[in-house]
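Some notes on the structure that comes next.
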Amino acid sequence: MIETVHLRKEFGTKVAVHDLNLTVPLGRVTGLLGLNGAGKTTTIKILATLLRQTSGTVSVGGLDPVRQPRAVRRRINLIAGGERMVYARMTGRENLWYFGQLYDVPGRVLRPRVAELLDLVGLAEAADTRVERYSRGMAQRLSIARGLVNDPDYLLLDEPTLGLDAPIARDLRRVVAALAERGKGVLLTSHYLAEVEQLCAHVYVIGDGRHLAEGTPAELVAQSGCHRTVRVAVVELTPRVEAAARAFAPAVRIAPGGVVELSGPGDVAGALTSTIIEAGGALKGLEIAEPTLEDAILALNDRPAAVIA
Amino acid sequence: MRHAARIFRAEALKQHRRVFGSKLVVFSMLIWPLLTLAQSYYTLRPLAATPGIAERWPLAADPERLLAFLATGALGFTFFFSLVQSAWHFTFERQTGTLELLFLSPANRLVVVVANGFGALVQNVWLFACFAVAGFTLFDVARVAHLGMYAVVFLALLVPAVAWGALLNSLLIFSRDAAFLYTLLDDPMWFAAGVRLPTFALPGWLRAAGSVLPLTGSLVVVRGALLDGRGVGELAGELAALAVLSAVLLLTAVAALRLGEARARRTGQLGLF
Ligand SMILES: Nc1ncnc2c1ncn2[C@@H]1O[C@H](COP(=O)(O)OP(=O)(O)OP(=O)(O)O)[C@@H](O)[C@H]1O
Ligand SMILES: [Mg+2]
């Protein structure tokens with residue numbers, strides 16, 4: 001497992017990561033969420049040995065990246081979004097072969113692995129085409145295969161689906177889920193919260209380098225204080241219906257076009273609709289929206305850490 | 001060792017794709033060095049008619065020996081300048097993000113920079129080197145003590161050049177002023193290392209500057225062995241100086257890599273561009 005204790009990273013006077021305690025176990029996908037500049041990439045680069053923390057400790061499967069960087073590098077890999085991370089003049093296969101040499105993957109193992117990885121990311125047919133002729137998505141898929149070339153125990157994913165089209169991003173999510181099932185420890189940052197919700201068993205939320213909250217996506221939603229929203233659409237918004245709805249709860253919002261909206265804890269849908277019907281309103285539609293992780297993240301970022309803790 | 005050999009193969013492929021990525025490569029590999037050689041030859045040939053030249057620079061009195069002198073200079077320059085070019089290309093890896101990937105891997109950093117230079121060197125110079133050897137054989141201008149001196153000549157070019165390439169790579173990885181170094185090492189290196197004029201013709205300050213360039217020492221050995229028929233014993237001093245300079249270059253490369261990587265891990269500058 002990867003573990004950080006009181007992790008802190010300063011760039012000059014800027015503190016990018018404050019006192020972060022993080023655990024990334026094997027066999028599941030752990031999420032790291034936060035708005036732009038929250039410190040996600042910085043944290044990932046520290047785990048990847050590309051940055052060195054200012055203070056605090058890091059352990060990667062029992063190894064210390066500061067004292068045993070090479071041993072750590074063999075066991076991890078990092079995949080970042082964007083198509084830049086491969087050599088344009090080499091073919092897809094050559095790129096993977098090249099990185100296989102840097103990682104000292106034995107030739108016997110490397111050859112079938114390269115073929116397998118090209119297949120996995122759907123580049124088998126383009127394997128012998130130079131990367132400069134690849135589309136952006138193809139180059140990025142190659143970069144994902146590159147991140148698996150050393151068969152790492154821990155995979156650090158920094159917005160891996162950035163700029164991928166929907167079907168490809170879905171395939172990548174399947175690959176990531178399968179890797180975790182096979183026992184790898186995955187740390188994922190992403191701005192696509194649906195992706196995080198779907199993949200991550202445990203999520204950390206950071207803001208300005210500080211720990212804001214953690215838990216399963218459902219727990220985070222609960223912790224964030226976001227509630228489900230009930231929307232009742234009425235055929236005609238009479239003054240009587242409006243008055244009854246406002247009397248039901250002061251927090252009711254009435255949108256033009258006759259939609260009565262209420263967010264709150266507990267199950268208010270039934271009571272609200274009966275109130276409207278009793279006031280003579282005719283229902284056109286009823287919608288109950290559960291709060292999403294996105295609502296939770298926004299809410300969590302709106303308040304200081306102390307309130308959440 | 002095995003891992004190092006694999007890194008050499010990997011870098012050789014990468015450099016092959018880079019160098020031979022365009023068909024115009026024969027220009028830089030052969031036509032360009034030949035043109036500059038012709039230019040220096042026809043510029044300097046009138047010297048032969050200068051009264052008293054035989055005392056001041058005996059070689060210039062004989063056009064064939066002058067051509068051989070300039071050809072060895074061009075050969076040495078091709079070796080060393082191909083490494084300036086490959087180091088310059090190395091800095092592009094910062095933009096493409098692959099530089100960070102090299103540092104993400106467990107590969108030994110010194111091996112990577114040496115392998116990178118070696119790969120570029122071998123693929124850039126073989127054509128002109130073959131041409132030069134053919135020319136020397138054809139015109140029969142070489143005066144060598146024994147055949148083994150060809151190996152000495154080859155090593156005296158290769159080893160310092162690779163050490164020089166490793167140092168340039170190490171410095172440029174962590175610096176953003178690559179273009180400046182490129183300019184600094186082009187024409188001035190021609191001049192200060194005695195590529196087309198003997199160093200004794202240069203002013204003292206320039207000779208001093210040239211003495212820290214390994215190309216200068218390489219050319220002394222190459223010319224001593226090929227043009228003056230000097231043996232290993234006679235060149236011992238020059239060879240030892242060249243070996244020491246190569247070792248210093250390599251050690252400086254190691255230090256630059258250590259300091260540079262430590263600094264990059266502190267400031268995150270590998271990822272910035
Ligand atoms: N090399 C650096 N030098 C100085 N400041 C840096 C450096 N790298 C990051 N920072 C700063 O540290 C903070 C955290 O940056 P980081 O890249 O980790 O954020 P992030 O969570 O990955 O954001 P994004 O979602 O935009 O990718 C930012 O304020 C950023 O400006
Ligand atoms: Mg980031």
For this session: For A:Glu236, indicate whether it is in a loop (DSSP other than H, G, I, E, B) and open to solvent by 40 Å² or more (accessible area, probe 1.4 Å).
Result: yes
For this session: Say whether the condition of being among the charged types (D, E, K, R) and open to solvent by less than 70 Å² (accessible area, probe 1.4 Å) is met by at least one residue in segment B:40-61.
Result: no
Seminar exercise, completed: Considering residues that are assigned to a helix (DSSP H, G or I) and modelled with pLDDT under 85, the number found within segment B:136-170 is 4
For this session: Scan segment A:176-200 for residues that are at pLDDT 90 or above and away from ligand 2 (no atom under 16 Å from the Cβ) and report the count.
Result: 13
Problem set entry | Given (1) modelled with pLDDT of 95 or more; (2) more than 15 Å from ligand 1 (Cβ to nearest atom), number of the condition A:Thr43 does not satisfy | (2)
Exercise. Restricting attention to segment A:11-34, which residues are at negative phi, open to solvent by 10 Å² or more (accessible area, probe 1.4 Å) and more than 7 Å from ligand 1 (Cβ to nearest atom)?
Worked result: A:Thr13, A:Val15, A:His18, A:Asn21, A:Thr23, A:Pro25, A:Leu26, A:Arg28
For this session: Need at least 3 residues that are modelled with pLDDT of 85 or more and under 19 Å from B:Ala129 (Cβ atoms) per element, so show me which helices (runs of 4 or more DSSP H) inside segment B:1-65 make the cut, counting only ones lying wholly within it.
Result: B:2-19, B:32-44
For this session: Answer yes if at least one residue in segment B:229-236 is more than 27 Å from B:Thr43 (Cβ to Cβ) and in a helix (DSSP H, G or I), and no otherwise.
Result: yes
Exercise. Could we say that B:Gln123 is facing chain A (nearest Cβ under 8 Å) and touching a residue at least 40 places away in the same chain (Cβ under 8 Å) here?
Worked result: no
Exercise. With respect to the numbered conditions (1) within 16 Å of ligand 2 (Cβ to nearest atom); (2) more than 16 Å from A:Gly209 (Cβ to Cβ); (3) hydrophobic (A, V, I, L, M, F, W, C); (4) touching a Gly at 6+ places or on another chain (Cβ under 6 Å), which one is the sole condition not fulfilled by A:Ala48?
Worked result: (4)
For this session: Inspect segment A:265-282 for any residue being in contact with a helix residue (DSSP H, G or I) (Cβ under 6 Å, 6 or more places away or on another chain) and of a type in the set (S, T, N, Q) and give the result as yes or no.
Result: yes
For this session: Show the residue pairs that are 6+ apart or on different chains and have beta-carbon atoms under 6 Å apart, the first residue being within segment A:20-44 and charged (D, E, K, R), the second being open to solvent by less than 10 Å² (accessible area, probe 1.4 Å) and in a strand (DSSP E or B).
Result: A:Lys40/A:Leu32; A:Lys40/A:Thr189
Exercise. Among the residues of segment A:153-174 satisfying the criterion of being among the hydrophobic types (A, V, I, L, M, F, W, C) and at pLDDT below 90, which is nearest to ligand 1 (Cβ to nearest atom)?
Worked result: A:Leu162
Exercise. For the subset of segment A:151-175 comprising residues that are open to solvent by 20 Å² or more (accessible area, probe 1.4 Å) and part of a loop (DSSP other than H, G, I, E, B), which member is farthest from ligand 2 (Cβ to nearest atom)?
Worked result: A:Asp151
Seminar exercise, completed: Filtering segment A:44-56 for residues that are open to solvent by less than 10 Å² (accessible area, probe 1.4 Å) and farther than 13 Å from A:Phe11 by Cβ leaves a count of 4
Exercise. For residues in segment B:14-43 being among the hydrophobic types (A, V, I, L, M, F, W, C) and without any contact (Cβ under 8 Å) to a residue 24 or more places away in the chain, which is nearest to the other protein chains (Cβ to nearest Cβ)?
Worked result: B:Val25
Seminar exercise, completed: Given the conditions (1) within 24 Å of B:Ala87 (Cα to Cα); (2) at pLDDT below 85, every one holds for B:Thr199 apart from (1)
Seminar exercise, completed: Per the list (1) open to solvent by less than 30 Å² (accessible area, probe 1.4 Å); (2) within 30 Å of A:Leu142 (Cα to Cα), residue check on A:Leu212 breaks on (2)
Seminar exercise, completed: Residue hits (segment A:177-193; more than 15 Å from A:Pro25 (Cβ to Cβ), touching a residue at least 40 places away in the same chain (Cβ under 8 Å) and over 8 Å from the mean Cα position of the chain (by Cα)) are A:Ala177
Seminar exercise, completed: Pairs returned, first residue in segment A:252-279 that is hydroxyl-bearing (Ser, Thr, Tyr), second residue that is part of a strand (DSSP E or B), beta-carbon separation under 8 angstrom, 6 or more apart or interchain, are A:Ser263/A:Thr229; A:Ser263/A:Val230; A:Thr273/A:Val232; A:Thr273/A:Leu283; A:Thr273/A:Leu286
For this session: Please verify whether segment B:190-207 includes one or more residues that are within 15 Å of the chain's Cα centre (by Cα) and without any contact (Cβ under 8 Å) to a residue 24 or more places away in the chain.
Result: yes
Problem set entry | Tally of residues being of a type in the set (Asp, Glu) and open to solvent by less than 60 Å² (accessible area, probe 1.4 Å) across segment A:1-10 | 0
For this session: Any residue in segment B:86-111 that's open to solvent by less than 20 Å² (accessible area, probe 1.4 Å): show its pairings with residues that are of a type in the set (D, E, K, R) and not in a loop (DSSP other than H, G, I, E, B) at Cβ separation under 6 Å, as long as the two are six or more apart or on different chains.
Result: B:Leu99/B:Glu93; B:Pro106/A:Arg70; B:Pro106/A:Arg73; B:Pro106/A:Arg74
For this session: Among residues belonging to segment A:127-150 that are crowded, with 20+ Cβ neighbours inside 10 Å and of a type in the set (Val, Ile, Thr), point out the one that is nearest to the chain's Cα centre (by Cα).
Result: A:Ile144
Exercise. Just for segment A:83-106: of the residues that are among the small types (Gly, Ala, Ser) and open to solvent by less than 20 Å² (accessible area, probe 1.4 Å), which one is farthest from A:Leu155 (Cα to Cα)?
Worked result: A:Gly92
For this session: Would you tally the residues in segment B:219-273 being of a type in the set (Ser, Thr, Tyr) and either within 16 Å of ligand 2 (Cβ to nearest atom) or open to solvent by less than 30 Å² (accessible area, probe 1.4 Å) (or both)?
Result: 1
Exercise. Open to solvent by less than 10 Å² (accessible area, probe 1.4 Å), away from ligand 2 (no atom under 16 Å from the Cβ) and either within 14 Å of chain A (Cβ to nearest Cβ) or touching an Asp or Glu at 6+ places or on another chain (Cβ under 6 Å) (or both) - does that describe any residue in segment B:179-195?
Worked result: no
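The values are calculated or read from the model by the stated rules, or taken from the named source; none is laboratory data. These numbers were taken from a predicted model, which means no experiment stands behind them. Cβ atoms come from the backbone with ideal geometry, glycine included; neighbour counts cover every protein chain shown. SASA here: full protein model, heavy atoms, side chains in, ligands and nucleic acids out. Shrake-Rupley method; radii C 1.70, N 1.55, O 1.52, S 1.80 Å.
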